[in-house]
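Undergrad: Quick one: structure below, then a few questions.
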Amino acid sequence: MNKIEHIGIAVADLQKSTILYERLLGTNCYKTERVESENVDTAFFKTGENKIELLASTSADSAIAKFIEKRGEGIHHIAFDVEDIYTEMNRLRKEGFTLLSEEPKKGADNKLICFVHPKNTHGVLIELCQEIK
Ligand code: CMX
């Protein structure tokens, strides 16, 4: 894995949280995007080499809605940039990790993504993401 690509933060109100993170980071959100397949609206910020992704649910039964209901707002996942997501998924399968999808999915910000179950990783949801070239 190359580097931390972004940290995902689950929020209840994307508009309010975007204003707050713009004040916090001293930089404007550079992109908002709805990801239908994940039932989320996202807002992205650049912080040097890395990014912050705010995630708000668009449906009551989404992963983000369930997360906030159970654990409240906060850090939802850490995403690692990978060169080739298929190679990395195979490597992790062989290492015994549980991947949350058989195939990569199209995620926000022009990425192919796949998640690793947090039960394998000491309670931290890990995302692999590969830039779509
Ligand atoms: N980080 C750490 N633990 C998490 C978690 C997270 N983000 N989300 C859920 N969990 C924990 C729960 O607290 C619960 O723990 P306990 O068993 O100790 O109570 C356990 O995982 C099972 O959780 P659950 O509420 O029963 O939820 P599910 O099993 O239905 O789903 C998960 C959990 C991680 C498999 C599911 O959220 C998933 O598939 N996530 C991947 C997709 C996703 O998160 N999409 C949103 C982001 C999309 C994007 O970045 O674009």
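The numbers here are math on the coordinates, done by the rules we state, and not lab data. Here the structure is a predicted model, which means the values were calculated and not measured. Neighbour counts are summed over all protein chains in view; Cβ atoms, including those assigned to glycine, are modelled from backbone coordinates with ideal geometry.
Undergrad: Would you please give the FRET efficiency between M1 and H117, computed as 1/(1 + (r/R0)^6) with r the Cβ-Cβ distance and R0 = 22 Å, to the nearest 0.05?
TA: Efficiency, rounded to the nearest 0.05: 0.85.
Undergrad: Is it possible to state the helix-based mean residue ellipticity at 222 nm for the chain, with each DSSP H run of 4+ residues giving -39500 (n - 2.57), the sum divided by total residues, to the nearest 500 deg cm²/dmol? What is it?
TA: -7000 deg cm²/dmol
Undergrad: Write down the Å³ per residue value for the convex hull defined by the alpha carbon atoms of the range 48-97.
TA: Measuring per residue, one finds 134 Å³ for the Cα hull of the range 48-97.
Undergrad: In whole Hz, with x marking every Gly and Pro, tabulate ³J(HN,Hα) for the range 107-119 from phi via Karplus 6.51 cos²θ - 1.76 cosθ + 1.60, θ = phi - 60°.
TA: These are the phi-based 3J(HN,Hα) values: x, 6, 6, 6, 10, 8, 10, 7, 9, 10, 4, x, 5 Hz.
Undergrad: Now, a different point. Please provide three numbers in whole Å: the alpha-carbon extents of the chain along the principal axes, with the largest listed first.
TA: 42, 32, 26
Undergrad: What is the Rg over Rh value, at two decimals, for the range 80-133, using alpha-carbon atoms and the Kirkwood definition of Rh?
TA: When Rh is taken as the Kirkwood radius, the ratio is 0.95.
Undergrad: Right, another one. Over the range 72-133, what is the percentage of antiparallel beta bridges among all DSSP beta bridges, to the nearest 5?
TA: 70
Undergrad: Would you work out the charge dipole size for the range 33-133 about its Cα centre, treating the Cβ of every Lys and Arg as +1 and the Cβ of every Asp and Glu as -1, and quote it to the nearest 20 debye?
TA: 260
Undergrad: Let me confirm the definition first: pairs of Lys residues in the range 1-113, 8 or more apart or on different chains, C-alpha distance under 16 Å. How many are there?
TA: 9
Undergrad: Let me ask something else. Please identify, among T42, T27, T18, the residue showing maximal mean-square fluctuation in a Gaussian network model of the chain using a 10 angstrom Cα cutoff.
TA: Per the Cα network of the chain with a 10 Å cutoff, T27 tops the list.
Undergrad: Can you tell me the order of 100-111, 59-70 when each peptide is scored by its average per-residue count of other Cβ atoms within 10 angstrom, highest first?
TA: 100-111, 59-70
Undergrad: Follow-up question, since we're still on this one. Tell me, what ³J(HN,Hα) does each residue in the range 14-31 have, in order and in whole Hz, if you take phi through Karplus 6.51 cos²θ - 1.76 cosθ + 1.60 with θ = phi - 60° and put x for Gly and Pro?
TA: 5, 5, 5, 5, 5, 4, 5, 5, 5, 5, 5, 8, x, 8, 7, 4, 9, 7
Undergrad: Extension gain D13-F97, at 0.36 nm per residue separation less the Cα-Cα distance, in nm?
TA: Extra length from D13 to F97 when fully extended: 27.0 nm.
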